[in-house]
1. So, restricting to strands (runs of 3 or more DSSP E) that lie completely within the stretch 144-262, which ones have at least 3 residues that are charged (D, E, K, R) and open to solvent by 10 Å² or more (accessible area, probe 1.4 Å)?
2. Across the stretch 233-254, what is the number of residues that are of a type in the set (A, V, I, L, M), in contact with a Ser or Thr (Cβ under 9 Å, 6 or more places away or on another chain) and in contact (Cβ under 8 Å) with a residue 40 or more places away in the chain?
3. What are the residues in the stretch 233-262 that are at pLDDT 95 or above and small (Gly, Ala, Ser), if any?
4. Suppose we filter the stretch 83-116 for residues that are away from the ligand (no atom under 13 Å from the Cβ), more than 13 Å from ILE73 (Cα to Cα) and not charged (D, E, K, R); how many remain?
5. Considering only the stretch 176-229, state which residues are out of contact with any strand residue (DSSP E or B) (no Cβ under 6 Å at 6 or more places or on another chain), away from the ligand (no atom under 16 Å from the Cβ) and among the small types (Gly, Ala, Ser).
6. State which residue pairs qualify: first residue in contact (Cβ under 8 Å) with a residue 40 or more places away in the chain and inside the stretch 58-78, second residue part of a loop (DSSP other than H, G, I, E, B) and of a type in the set (A, V, I, L, M, F, W, C) in any location, beta carbons under 7 Å apart, and separation of 6 or more residues or different chains.
7. If you go through the stretch 141-148 one residue at a time, do you hit one that is at pLDDT below 95 and out of contact with any Phe, Trp or Tyr (no Cβ under 9 Å at 6 or more places or on another chain)?
8. Would you check which residues across the stretch 103-114 are out of contact with any helix residue (DSSP H, G or I) (no Cβ under 6 Å at 6 or more places or on another chain), open to solvent by 10 Å² or more (accessible area, probe 1.4 Å) and either of a type outside the set (S, T, N, Q) or within 17 Å of GLU165 (Cα to Cα) (or both) and list them?
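The values are calculated or read from the model by the stated rules, or taken from the named source; none is laboratory data. In this text the structure is predicted, and so the values were computed from the model without any measurement. Neighbour counts are summed over all protein chains in view; Cβ atoms, including those assigned to glycine, are modelled from backbone coordinates with ideal geometry. Accessible surface is based on the protein model in full, side chains and every heavy atom, while ligands, DNA and RNA are left aside. Shrake-Rupley method; radii C 1.70, N 1.55, O 1.52, S 1.80 Å.
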Amino acid sequence: MEWGMRNRMNRMINPETGRIVMLAVDHGYFQGPTTGLRELSKTIDPLLPHADTLMITRGMVRNCVDPSNRVPIMLRVSGGTSILGELSHEGLTTDMEDAIRINACGITLSIFVGAPGEKETLLNLGKLCNMGARYGIPVMAVTAVGREMARDARYLGLASRIAVELGAHMVKTYYCEDFEQVVKAAPVPIVIAGGKKIAEKDALEMAWKAVQAGAAGVDMGRNIFQSEDPVAMIKAVRGVVHDNLNPGQAYEMFQDLKGKGA
Ligand code: 5RP
């Protein structure tokens, strides 16, 4: 990996812990105004000091994040579909020059293995990795899960491995049973999505199990910004990811910080 690419990876993944807490707020690119993100700046301003990286689209970064903010940007560059249609036919929406203008630290797209858009999204991953290599910008593949797809180690392992084979520098997937099998077969930093909002205690336990199984951390959205106290929650997630707190300790931290304007 050349210097610029390594530097960008190190700005996102803390080189001291080898771990990352990425905050995902790109949901609007196919879901529109998601609960918690209707007024994006209001939600993310208090969270940004605690995020190692922010996953966002170019439209929202330009309109809702002050350029004086130093948080590294993982720019979502795929889309073109909505919850009203066939999600898997995503294309590339943002070219490399615009990603560079934004000073993106990484670029990301979804791949839909086993879905109608499988081939086009995998070829788009290949194209993006070629462009990333040209400019020294790492690519994160998101193993999106189609409506019919099982979230198990076999399927997520398949999708994650294909992503690495095609050149992805980082993979975002879901936590599942036997997650260490997914991690072992995909030799790049793996982060997990949080998925739908669940109880804070359960989300912290899921993050803990993922890092115990070898994940580099999380790229979590709804389980942070839809929490009853998002700042307390992101701090507790950091406790798990960077300080190796166990789920009980992290939940205690969340309870202690909750409601105190943490
Ligand atoms: C959608 C995405 C979203 O950023 C991601 O899934 C959101 O994270 P969470 O599931 O934790 O809300 O990549 O494809």
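1. none
2. 2
3. Within the stretch 233-262, ALA236, GLY239, GLY248, ALA250 meet the criteria.
4. 11
5. ALA185, ALA213, GLY214
6. ARG58/ILE102; VAL61/ILE102; PRO72/CYS105; MET74/CYS105
7. Yes.
8. GLY114 - this is the single residue of the stretch 103-114 that is out of contact with any helix residue (DSSP H, G or I) (no Cβ under 6 Å at 6 or more places or on another chain), open to solvent by 10 Å² or more (accessible area, probe 1.4 Å) and either of a type outside the set (S, T, N, Q) or within 17 Å of GLU165 (Cα to Cα) (or both).
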